[in-house]
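Read the figures in this text as sums done on the coordinates, not as results from a lab. It should be emphasised that the depicted structure is a prediction, and the values quoted were computed from it without experimental measurement. As a convention, Cβ positions derive from the backbone with ideal geometry for all residues, glycine included, and neighbour counts pool all protein chains shown.
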Amino acid sequence: MVFWLVYFFVVLLVGLRYGTTDYENYVEYYERFTTNSSLEAALVFRDPGFALLNYASGYFTTGAQGFFLFFAFLGISLKLFVYRKVAPYFILAVVGYILFSFTKDIGQIRNGFIGSATLFALYLLHNKNHLYWFICQTAAGSVQGVGYFGYLAPLFRYFTDTRVLWAALIVAVILSALGGVALDLSRLLFAIHENDLTSRLWRYVASPYAVPYRFFGGSMALVVVALVVALVFINQIYKASTYNRTFFPVFFWAGIVFILFRDFGIVAFRVADFLFFPILPILATSLIAQSSRASRPLMYVIFVLYGMAWYYPSIIANNAQYSVYLFR
């Protein structure tokens, strides 16, 4: 009963939001693919999965808001399913989701969806459903191209030696302090081979969105803290659930990418949005589950305070307002 109450509440909260980031653009997408375009036109769109979902939803929704509700239903269903199956404390994991990822679901809805789809894909990967993992990850990438980065998940599991991880973290922090590597890497890839992917990357490089985030800023510090804590308590995290042997490497290397790509903030945060933040509640609740009963109240407080450190700047400090479609 608790699961279903939480489930319907979150789906409605996300699906009925109005006027958030890129809201008008998503309305335009929906209208384009349900009124003025054919299926063939939708499929040539750069993100064919998202275009196809828009097109298909036109048959059973009455407007763009209906599509948003449908899209929220898909994403939230996948995410909460995994949390219920994997996280030691489901409700606490949902609290973590609200603190870490909720703003992505109500704003940049594709980021939220590919985070959910990738989380579910990792669940399938751990259970050795490789074909379904590939299909699910491909679906995530077809909704937004950065989702294809999830194809690397099986490789991450081969780089879990703690000495290698500590070395990677130290090197990443040093390179980030020197300015980051993302822009130089983007230019190199574009120079080596110009194709649709590198062209899109280059347009980001040349756009106003290609701005760095501060090395001594809060985002960098919070990611580094999370990685350090995870490495220090890695044995406890692994002991809590065998699933963490699949989730942790992806979480860690996504954090490394975030640190290294400091000079290309939009890409750094998109990688973090769908690989770092959705996994964080699972690992955090795993660590809490392995702590002593006497220390758990303190762990709960630390968890919420850490989450608020992410939530506060993304919602309150930026004056982000949540509006309900029914009361617009």
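For Y132, Y55, the sequence from fewest to most other C-beta atoms within 10 Å is Y132, Y55.
Straight-line cross-link partners of K104 among the lysines, defined as a Cα under 21 Å from its Cα and at least 8 positions apart when in the same chain: K79. Extending 7 Å from the Cα toward the beta-carbon at both I91 and V229 defines two label points whose distance is 2.1 nm.
Calculated FRET efficiency, N25 and S292, Cβ-Cβ r, R0 41 Å, to nearest 0.05?
Computed FRET efficiency for N25 and S292 comes out at 0.25.
Ordering I135, I234, I288, I114 by the number of other Cβ atoms within 10 Å of each residue's own Cβ, fewest first, gives I135, I234, I288, I114.
If each residue of separation counts as 0.36 nm, what is the full-extension length gain between L178 and L74 once their alpha-carbon separation is subtracted?
33.4 nm
Please arrange M220, M308 by how many other C-beta atoms lie within 10 Å of their C-beta, fewest to most. Working shown, then result.
Values: M220 19, M308 13.
The order, fewest Cβ neighbours first, is M308, M220.
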